[in-house]
Amino acid sequence: MQDKIRPHLPQGVAIPETETELKQSISSPQFRQIVQGFSTVFQSGELSSLIAQFNFSTDVINAVNQRDLQAFATALDRFYQTSNDTDTTMDMN
């Protein structure tokens, strides 16, 4: 399970060592509170103005404006993959 999560996290972020520890983390009241807070802000549309202030792709912004969480996650993943590819190319030059 950790191997499936790792590519979606920033480099250097520690994740629990075992599946049991991971399940405990995502079942914790703190994690649930954070997810609930994000969900409330996302569904209310309040996130749109914040996201617009950053240099995200049009796909990310459109997904937020449409309040489509799946499209948001997909667009964000694509955005960061593209950013990482660009960073890697710049590092090689």
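Coordinate-derived values only; no laboratory data. No experiment lies behind these values; they were computed from the predicted model shown. Cβ placement follows ideal geometry from the backbone for every residue including glycine, while neighbour counts extend to all protein chains displayed.
Give the calculated FRET efficiency between Ser27 and Lys4 to the nearest 0.05, with a Förster radius of 22 Å applied to their Cβ-Cβ distance. It comes to 0.80.
Applying 1/(1 + (r/R0)^6) with r as the Cβ-Cβ distance of Phe54 and Gln11 and R0 = 22 angstrom yields a FRET efficiency of 0.70.
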